[in-house]
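Single-structure report; data block below.
The values are calculated or read from the model by the stated rules, or taken from the named source; none is laboratory data. Because the structure is predicted, anything quoted here is derived from the model rather than measured. When we count neighbours, we look across all protein chains shown, and the Cβ atoms used for this are built from the backbone with ideal geometry, even at glycine. These accessible areas exclude ligands, DNA and RNA; they are computed on the full protein's heavy atoms, side chains included. Shrake-Rupley method; radii C 1.70, N 1.55, O 1.52, S 1.80 Å.
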Amino acid sequence: MKTLPPLNYIRSFEASARHLSFTKAAEELGLTQAAVSGHVRALESYIGRPLFYRAPRSLTLTEVAASYLPTLRQALSQIEIATGQILTVPHRQEVTLACPASLATNWLPQRLQRFLRQHPEVNVTVHATIWSETSDQIADLRITPRHSSQPLLGQSLGEERLLVVCAPELMAGEDRITTPRDILRRGLVHVLGRQDHWEAFALHFGIADLPLRTGLMTDSSNVALEMAVAGLGCAITLESLAEVHLQRGTLVAPFPDRLPTGWGYDLHVGELNPTRTAERLMQFLVSA
């Protein structure tokens with residue numbers, strides 16, 4: 001037996017049909033226009049029939065869509081009524097958040113601390129993901145990396161920037177770091193797969209002889225930061241990952257320059273329909 005199409009496909013179709021506009025439907029649903037359009041195309045692929053006649057600046061329902069729509073609206077209305085009937089029961093005070101491991105280690109804890117001070121009744125579970133891996137666990141909210149050339153999935157947490165960090169003692173004494181070239185004497189800490197970070201630094205400061213293939217190496221940004229804390233060299237990292245170390249004084253940034261990366265993070269809903277608690281956390285993280 002064929003399974004039902006995802007509810008978000010149906011919601012995107014119903015809103016688009018009501019407005020005859022993907023853009024207005026996206027505004028209503030809190031999604032991007034690309035996401036709504038993608039949902040509708042996925043639903044069309046699922047049922048094997050077109051639902052809209054698409055013109056450059058307008059949408060028109062097909063006959064299939066016109067006959068399909070009343071039943072869908074009735075079903076959505078019944079879901080809304082059933083949901084309203086259980087709203088008198090205390091809603092779930094739990095949020096599951098899937099987040100890249102490095103961000104969950106360095107950027108997230110302080111923000112969760114402030115959120116939980118305001119909402120101590122909420123239980124938050126964080127699933128740390130590796131690179132672009134998606135967690136097998138079902139999540140209310142997800143934080144995922146996104147390049148500026150890619151469409152926004154939900155709400156942006158801002159663009160990442162690069163900065164060089166080192167232990168405070170490397171900024172003291174006669175041998176202290178005062179210019180970008182001085183890091184040649186202190187050594188570089190490399191993160192495998194992120195060699196382009198030091199390349200961007202070399203290009204920005206015009207250092208042609210920066211040793212991009214020698215020095216300490218690791219496959220973990222967190223390990224690279226700890227190596228820098230131990231005074232083993234200078235690391236170049238994302239600003240969000242260095243934030244907590246700079247606040248604690250375990251690392252310092254010898255140069256004020258922050259280099260653009262073109263990358264950032266999106267915060268968006270996961271596989272579950274967002275609860276009011278999840279939406280509250282989402283808005284807090286966006287504004288934090």
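The table below gives the values:
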{"item": "Highest-first arrangement of 210-216, 178-184, where packing means the average Cβ count within 10 Å", "result": "178-184, 210-216"}
{"item": "Of the DSSP H helices in the chain, those whose Cα atoms cover at least 15 Å axially and whose Kyte score averages -0.5 or more", "result": "33-47, 63-86, 195-205, 276-287"}
{"item": "Among Val95, Ala35, Ser221 the positive-end extreme of the charge dipole of the chain (Cβ point charges)", "result": "Ala35"}
{"item": "Accessible area per residue, Å², the chain with all protein chains present, probe 1.4 Å", "result": "55 Å²"}
{"item": "Residue (of Ser149, Leu184, Val165) at the positive-pole extreme of the range 140-188, dipole from beta-carbon charges", "result": "Ser149"}
{"item": "Peptide ranges 235-246, 164-175 listed from the most packed, as the mean C-beta count within 10 angstrom indicates", "result": "235-246, 164-175"}
{"item": "With DNA, RNA and ligands ignored, accessible area of Thr105 (1.4 Å probe; Å², nearest 10)", "result": "80 Å²"}
{"item": "Carbon/sulfur fraction of accessible area - the chain, other protein chains in place, 1.4 Å, %", "result": "54 percent"}
